[in-house]
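**Q** Mind having a look at this structure? Questions to follow.
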Amino acid sequence: MTEPDLESLLPLSPSVFHILLALADEERHGYGIMQEIRLRTDGQVRLVPGTLYGAIKRLLAQQLIEEVDARPDPAIDDERRRYYRLTDFGQRVLRAEAARLASLVRQADAKQLLSGWSQSLATGGE
Amino acid sequence: MRATSKLLTLAGRVYRLLLYVYPTPFRREYGFDMAQVFRADTHDTLQECGMAGLIGLCFLTFTDLLKTAFAEHIWEVFHMPMEKLQRLSGPAAAIGGSVWVSSIIWIFGFEPRVNWEILVSILVVVFLLSGLLMGMGLGGLYRRLPTGSHPAKRLTFGLSLLGLVLYNAASIALFLTMTSRLDEFSLIAIFGSFFAYFLGIAGMGIIAMSGRVLGRWSFTPLAVSALGLLFIIVVPKTGEAGQGSLAQSLPVLALLALYGISWLLLGVGLWSTHEEPLVRERPA
């Protein structure tokens, strides 16, 4: 099966980017992905099941993520839970999107749009 | 504590029931996981944020459910049949073209001794059958177009589908009314729908040519649209020359046959390039 064109998948939607980011360091189940996103964004981004599994379905179809065959130990976790992980292609797409966003931030910084913002962030928005 | 537990159970049951709003394949694949996630999420939210948080989550989840269920239904319509259609699009377009050519040769070339009503009925059946098969071919072509050209390919595919549906609706109306004479409004509607149909195919043809998506057959969608557009320009002029002259006009017959042949070639193109990559490789 041929991989889709990487460029054609960019830019990623915010929810897809967050899901891929959640899977960047370890494999997780659906609720694990939701929890990781909520924690990482201080609750500012909150996915709900419909959006999450709709995105998972598309990411599986685009070969950006894959389901992990091994099931968790029933003593530790519900063995019916499905775990997902990034594919190599998904890793490349995530890196490309992160680079694209970093480039945008650099452009904004070059126009001195971030100087006041970073001070505001440091002082907690006061 | 028992009251909150009952509330969570009730919310879970309502959510499981609401999952039936999703298309069946999606629900079968992810319904259990979604219900499990919802159960865990409502449990944790109630503990962390109390009743207000739970109500907020339920509201968010149910509005998201309606939105995503609609999106999944649209996805099913536009993707699942298209995937099957992609495999069949080549043979379908080729058969559609063949049906068209053989019918045109039989009806206008051999002039069968049948009355007008039967001839109209045969023509309408040919229109509907070949239109359906050609529509499948269009679906396959749409799936081959480069993903980078999304707005243009959607617009042109939409235009061609609209035209296809309208002219087939007109064919059914003709069949039901069995009329041999068309008023001015009907003629404008039919030729307008034909125009939209061929204009849409022309747009798809330009995208197909620029991306060389059908290899050496990439010219065929443009050929289909060019012959079709030529046909709707020539036919009214031929009709003005007098009744009966249409069937006897060799250029019109040739045009009709060539139109069918171009569909046949488009089908061959879709068929023969089926295993090729969907998009052209970009230079490194």
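**Q** Return the distance in nm (one decimal) between the two label points of a simple spin-label model at B:Ile55 and B:Ser121, each offset 7 Å from Cα along Cα→Cβ.
**A** 6.6 nm
**Q** Now, a different point. What's the exposure ranking of B:Phe38, B:Phe194, A:Phe17, B:Phe185, going from fewest to most Cβ atoms within 10 Å?
**A** B:Phe185, A:Phe17, B:Phe194, B:Phe38
**Q** Using r as the Cβ-Cβ distance of A:Asp88 and B:Thr9, and R0 as 35 Å, what FRET efficiency do you calculate, to the nearest 0.05?
**A** Once rounded, the FRET efficiency stands at 0.25.
**Q** Using only alpha carbon pairs under 8 Å that are at least six residues apart, calculate the relative contact order of segment A:11-122 and give it in whole percent.
**A** So the answer I get is 27 percent.
**Q** Can you work out the FRET efficiency for the pair A:Asp25 and B:Val165, with r the C-beta to C-beta distance and R0 = 60 Å, to the nearest 0.05?
**A** Taking R0 as 60 Å, the efficiency between A:Asp25 and B:Val165 is 0.75.
**Q** Still on this model: What list do you get for B:Phe59, B:Phe127, B:Phe198, B:Phe32 if you sort them by fewest beta carbons within 10 Å?
**A** B:Phe59, B:Phe32, B:Phe127, B:Phe198
**Q** For segment A:26-105 and segment B:255-271, write down the distance between their C-alpha centroids in whole Å.
**A** Centre-to-centre distance over Cα atoms comes out at 46 Å.
**Q** Please compute the average number of Cβ atoms from other chains found within 10 Å of each residue's Cβ in peptide B:67-74.
**A** Counting other chains' Cβ atoms within 10 Å and averaging over B:67-74 gives 3.
**Q** Per residue of B:36-44, what is the mean number of Cβ atoms on other protein chains within 10 angstrom of that residue's Cβ?
**A** Taking the mean over all residues of the peptide, I get 5.
**Q** For B:Thr220, what is the net charge nearby, where nearby means another residue's Cβ is under 13 Å from its Cβ and Lys, Arg count +1, Asp, Glu -1?
**A** After counting each charged neighbour, the total is +3.
Rule-based calculations on the coordinates, nothing more; no lab input. Given the structure is predicted, the values throughout are model-derived calculations rather than measurements. With ideal geometry, Cβ positions are generated from the backbone for all residues, glycine too; neighbour counts draw on all protein chains shown.
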